[in-house]
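Enquirer: Have a look at the structure that comes next, please.
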Amino acid sequence: GDSVTQMEGPVTLSEEAFLTINCTYTATGYPSLFWYVQYPGEGLQLLLKATKADDKGSNKGFEATYRKETTSFHLEKGSVQVSDSAVYFCALRSTGANSKLTFGKGITLSVRP
Amino acid sequence: DTAVSQTPKYLVTQMGNDKSIKCEQNLGHDTMYWYKQDSKKFLKIMFSYNNKELIINETVPNRFSPKSPDKAHLNLHINSLELGDSAVYFCASSRQIHTEAFFGQGTRLTVV
């Protein structure tokens, strides 16, 4: 079945540091890939997405590229801010009549001033 | 103007009680979902409805019964609550089955 694997957390960075959060997936066909962010006490928000191989999703300074050859969708940001502290979830939605959104375990990012 | 709204936001109840969580979306989406987030933040889909019809039921106990009176609403009723039901429950919707989901703020259920 479909699965998403995220790197183990939590991650703590200083402000303006470079961020990489790894995500790999297993799925049949050509899934769509997503990064969701959950700020403290809130629901999940879509951060960015990519629907086909080599697509790059970007939003709020975050980027992720759909790499079919390595089945990866790593999240990057060049300079993190304290306000980026949140839980980040990688997810995929496979094709098919009853496709569902499958999430990774999530990783907590804390950015200190 | 909240796109996906859930009520209540917090729910504390005793074991054995029956409770409901309501969800409404004003986005005109065809598909709605219920997810459970455990204490380790792991998210797992419970149910998915498309045009008021159940399309996904992920081995959820029969004590959980979703009801979709119309496309804009998907309520979750839980019978005979157990301690292990304590979690945050998220409602979500998407335009169609294959498109990205929009989430509500969550309902934190605590069973004591």
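Enquirer: Among the residues of the range B:40-50, is any hydroxyl-bearing (S, T, Y) and surrounded by 15 or more Cβ atoms within 10 Å (Cβ to Cβ)?
Expert: So far as the range B:40-50 goes, yes, one or more of its residues are hydroxyl-bearing (S, T, Y) and surrounded by 15 or more Cβ atoms within 10 Å (Cβ to Cβ).
Enquirer: Right, another one. Got at least one residue in the range B:74-92 being surrounded by fewer than 19 Cβ atoms within 10 Å (Cβ to Cβ), within 12 Å of chain A (Cβ to nearest Cβ), of a type outside the set (G, A, S) and over 14 Å from B:K9 (Cα atoms)?
Expert: Checked against the condition, which is being surrounded by fewer than 19 Cβ atoms within 10 Å (Cβ to Cβ), within 12 Å of chain A (Cβ to nearest Cβ), of a type outside the set (G, A, S) and over 14 Å from B:K9 (Cα atoms), the range B:74-92 yields no hits at all.
Enquirer: Restricting attention to the range B:100-112, which residues are outside any strand (DSSP E or B), touching a residue at least 12 places away in the same chain (Cβ under 8 Å) and within 14 Å of chain A (Cβ to nearest Cβ)?
Expert: Step one: list which residues in the range B:100-112 are outside any strand (DSSP E or B), which gives B:100-101, B:104-106, B:112.
The next check asks that each one be touching a residue at least 12 places away in the same chain (Cβ under 8 Å); those that pass are B:101, B:104-106, B:112.
Hits for the range B:100-112 are B:A101, B:G104, B:Q105, B:G106.
Enquirer: Let me ask you something else. Quick check on the range A:18-32: of everything there that is surrounded by 18 or more Cβ atoms within 10 Å (Cβ to Cβ) and not hydrophobic (A, V, I, L, M, F, W, C), which residue is farthest from the other protein chains (Cβ to nearest Cβ)?
Expert: Filtering the range A:18-32 down to residues surrounded by 18 or more Cβ atoms within 10 Å (Cβ to Cβ) leaves A:19, A:21, A:23, A:25, A:27, A:31-32.
Still in the running and not hydrophobic (A, V, I, L, M, F, W, C): A:25, A:31-32.
Details: A:Y25: 15, A:P31: 10, A:S32: 7 Å.
That would be A:Y25.
Enquirer: For the range B:86-93, indicate whether the set of residues that are of a type in the set (V, I, T), in a strand (DSSP E or B) and in contact with a Gly (Cβ under 9 Å, 6 or more places away or on another chain) is non-empty.
Expert: Residues of the range B:86-93 that are of a type in the set (V, I, T), as a first pass: B:88.
With in a strand (DSSP E or B) added as a condition, the list becomes B:88.
Filter once more, so that each one left must be in contact with a Gly (Cβ under 9 Å, 6 or more places away or on another chain): B:88.
The answer is yes, given that some residue of the range B:86-93 is of a type in the set (V, I, T), in a strand (DSSP E or B) and in contact with a Gly (Cβ under 9 Å, 6 or more places away or on another chain).
Enquirer: Say we look at the range A:64-89 and pick out the residues that are within 11 Å of chain B (Cβ to nearest Cβ) and within 18 Å of A:T24 (Cβ to Cβ); which of these is surrounded by the fewest Cβ atoms within 10 Å (Cβ to Cβ)?
Expert: A:Y88
Enquirer: Pairs please, first residue from the range A:1-16 and exposed (fewer than 12 other Cβ atoms within 10 Å of the Cβ), second anywhere and basic (K, R) and not in a strand (DSSP E or B), Cβ atoms under 9 Å, 6+ apart in sequence or on different chains.
Expert: Close Cβ pairs satisfying both conditions: A:E8/A:K105.
Enquirer: Further question on the same structure: Given the criteria over 25 Å from B:I97 (Cβ atoms) and either under 11 Å from the mean Cα position of the chain (by Cα) or outside any strand (DSSP E or B) (or both), does A:G9 qualify? Talk me through it step by step, then tell me what you get.
Expert: Details: over 25 Å from B:I97 (Cβ atoms): yes; either under 11 Å from the mean Cα position of the chain (by Cα) or outside any strand (DSSP E or B) (or both): yes.
The answer is yes for A:G9.
Enquirer: Within the range B:44-63, track down each residue that is within 17 Å of B:Q96 (Cα to Cα) and in a strand (DSSP E or B). Spell out how you get there, then give the answer.
Expert: As a first pass, look at the range B:44-63 and keep what is within 17 Å of B:Q96 (Cα to Cα): B:45, B:47-56.
Selection gives B:I45, B:F47, B:S48, B:Y49, B:N50, B:E53, B:L54, B:I55, B:I56.
Enquirer: Then there is this: Residues in the range B:10-17: is at least one touching a Lys or Arg at 6+ places or on another chain (Cβ under 8 Å) and buried (at least 21 other Cβ atoms within 10 Å of the Cβ)? Give the steps one after another, and end with the answer.
Expert: Of all residues in the range B:10-17, those touching a Lys or Arg at 6+ places or on another chain (Cβ under 8 Å) come to B:10-11, B:13.
If we keep only those that are buried (at least 21 other Cβ atoms within 10 Å of the Cβ) too, we end up with none.
No, that holds for no residue.
Enquirer: Also: Considering only residues of the range A:35-63 that are acidic (D, E) and touching a strand residue (DSSP E or B) at 6+ places or on another chain (Cβ under 8 Å), which is surrounded by the most Cβ atoms within 10 Å (Cβ to Cβ)?
Expert: A:E63
Enquirer: Somewhere in the range A:101-111, is a residue at pLDDT 90 or above, crowded, with 20+ Cβ neighbours inside 10 Å, assigned to a strand (DSSP E or B) and within 10 Å of the chain's Cα centre (by Cα)?
Expert: Yes, the range A:101-111 has at least one match.
Enquirer: I would also like to ask the following. Let me confirm something: among A:A50, A:A27, which residue is without any contact (Cβ under 8 Å) to a residue 40 or more places away in the chain and within 22 Å of B:I45 (Cβ to Cβ)? Don't jump to the end; show me each part of the working.
Expert: Numbers: A:A27 fails: without any contact (Cβ under 8 Å) to a residue 40 or more places away in the chain.
Within the list A:A50, A:A27, the selection yields A:A50.
Enquirer: Of all residues in the range A:33-63, which are assigned to a strand (DSSP E or B), over 30 Å from B:T7 (Cβ atoms) and within 14 Å of chain B (Cβ to nearest Cβ)? Steps first, answer last, please.
Expert: Filtering the range A:33-63 down to residues assigned to a strand (DSSP E or B) leaves A:33-38, A:44-50, A:56-59, A:62-63.
Subsequent filtering for residues that are over 30 Å from B:T7 (Cβ atoms) retains A:33, A:50, A:56-58, A:62-63.
Result: A:L33, A:A50, A:G57.
Enquirer: Enumerate the pairs (first residue in the range A:90-113 and on the phi > 0 side of the Ramachandran plot and within 7 Å of chain B (Cβ to nearest Cβ); second residue anywhere and hydrophobic (A, V, I, L, M, F, W, C) and surrounded by 14 or more Cβ atoms within 10 Å (Cβ to Cβ)) with beta-carbon separation below 8 Å, excluding pairs fewer than 6 apart on the same chain, so at least 6 apart or on different chains.
Expert: The qualifying pairs are A:G106/A:V87; A:G106/A:F89; A:G106/B:F42; A:G106/B:L43.
The values are calculated or read from the model by the stated rules, or taken from the named source; none is laboratory data. Note that the coordinates shown come from a computational prediction; the quantities given were computed from them, not determined experimentally. Ideal geometry is used to build each Cβ from the backbone, glycine not excepted, and the neighbour counts take in all protein chains shown.
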